[in-house]
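Just below is one structure, and these are the notes that go with it.
Rule-based calculations on the coordinates, nothing more; no lab input. If you're wondering where the values come from, they're calculated on a predicted model, not measured in any experiment. Virtual Cβ from ideal backbone geometry, glycine too; neighbours counted across all protein chains shown.
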Amino acid sequence: MVQVGDRIPPSTLTYMTQDGPAKLSTDELFKGRKVTMFGLPGAFTPTCSAAHLPGYVVHADELLARGVDRIVCISVNDAFVMDAWGRQHNVDDNVLMVADGNAELTQAMGLDLDLTERGMGIRSQRYSMLVEDGVVTQLNVEAPGKFEVSDAETMLSTL
């Protein structure tokens, strides 16, 4: 599993633009920036929709005021689903909704979660991290079934 001090592995992700899905490399996402990224098992799932994403939307201004350049929500979903979910939660430009559709980055970071028995396939563990110029400087990975350390409030308390 990725650790504090590790560089984010190279990967290509997608996000939605006005012209449709666009590719985004991890280098483009993190280079020269302080980024709060939080990963979760899936868009439209209960805890993710009721608490995880909404917390970052509510606290976006505070995170940005404390020096974060970008807030990123990432999930093993496609860009269409991430865009629809973001619109439902009024993320506007505050949270970049990024798709890791093939779990490429999630698996490279060792943060994948096998939910095949539940009919969900390979997904992401629930986590948050602070990444500065491509290097992980803070990592909060949840225990299975928990939502205690990857929330926006915890991230704020450490900035």
Where is the GNM fluctuation largest for the chain (alpha-carbon springs, 10 angstrom cutoff): 36, 106, 12? 12
Kindly provide the helix-only [θ] at 222 nm of the chain, computed as the sum of -39,500 (n - 2.57) over DSSP H runs of four or more divided by all residues, to the nearest 500 deg cm²/dmol? -6000 deg cm²/dmol
Calculate the spin-label point distance for residue 118 paired with residue 92, positioning each point 7 Å from the Cα along the beta-carbon direction, and give it in nanometres. 3.2
Out of residues 5 or more away from residue 75 or on other chains, whose amide H comes under 5 Å of its own, with H placed 1.01 Å from N in the peptide plane? 98, 100
How much length, in nm to one decimal, is gained on full extension between residue 132 and residue 22, taken as 0.36 nm per residue of separation minus their Cα-Cα distance? 37.3 nm
Inter-probe distance in nm under a simple model that places probes 7 Å from Cα toward Cβ, at residue 153 and residue 61: 1.9
For 82, 1, what's the fewest-to-most ordering of other Cβ within 10 Å of each Cβ? 1, 82
Would you mind calculating the relative contact order of the chain from Cα pairs under 8 angstrom and at least 6 residues apart, reporting the percent as a whole number? 32
With Rg from the Cα atoms and Rh as the Kirkwood inverse mean 1/r over Cα pairs, the chain has an Rg/Rh of 0.92
Share antiparallel - DSSP beta bridges, the chain, percent rounded to 5: 70
